[in-house]
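J.: Before we start, here is the structure in question, set down as structure tokens.
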Amino acid sequence: MGTQTIERPDVDTEETTDDDAPKFFHYVKKNKIAESAVMGTHVVALCGETFPVTKSPKPGSPVCPKCKKIYEKMKKD
Ligand SMILES: [Zn+2]
């Protein structure tokens, strides 16, 4: 009564706890992943964002809006 158990807290709040980890899920082309092997440890997302391949956003993080737009355009072609 009065107390609520929140199992899944909202991930909408932008926290800057881990600077290295991307806040969004980015779409990455498969050949870009191969490219990243050449570049080192970074992958290039559709939106042009580069981030360490070893870092991934927390589960439940939103999809990068830029990547999503580009991806939808690609699907239409
Ligand atoms: Zn992106």
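J.: Roughly to the nearest percent, how much of the accessible area of the range 26-76 is carbon and sulfur, given a 1.4 Å probe?
T.: Values: 2120 of 3700 Å².
On the range 26-76, the fraction of accessible area on carbon and sulfur atoms equals 57 percent.
J.: Quick one: accessible area per residue over the range 26-76, 1.4 Å probe, rounded to a whole number of Å²?
T.: The answer is 73 Å² per residue.
J.: Now, a different point. For the range 26-76, go through all pairs of different Cα atoms, get the mean of 1/r, take its inverse, and jot down that Kirkwood value in Å.
T.: After inverting the pairwise mean of 1/r, the radius is 11.4 Å.
J.: Still on this structure, please answer the following. Can you compute the FRET efficiency between VAL63 and ASN31 using 1/(1 + (r/R0)^6), with r the Cβ-Cβ distance and R0 = 25 Å? Round to the nearest 0.05.
T.: The formula returns an efficiency of 0.80 here.
J.: By how many nm would the segment from TYR71 to VAL38 grow when fully extended, if each residue of separation counts as 0.36 nm and the alpha-carbon distance is taken off? Can you show the working numbers first?
T.: Values: separation 33, 0.36 × 33 = 11.88 nm, distance 2.37 nm.
Working it through step by step, the gained length comes to 9.5 nm.
The values are calculated or read from the model by the stated rules, or taken from the named source; none is laboratory data. Everything quoted here is computed from the prediction, not taken from an experiment. Quick reminder, even Gly has a Cβ in these numbers, built from the backbone with ideal geometry, and neighbours come from all protein chains shown. SASA here: full protein model, heavy atoms, side chains in, ligands and nucleic acids out. Shrake-Rupley method; radii C 1.70, N 1.55, O 1.52, S 1.80 Å.
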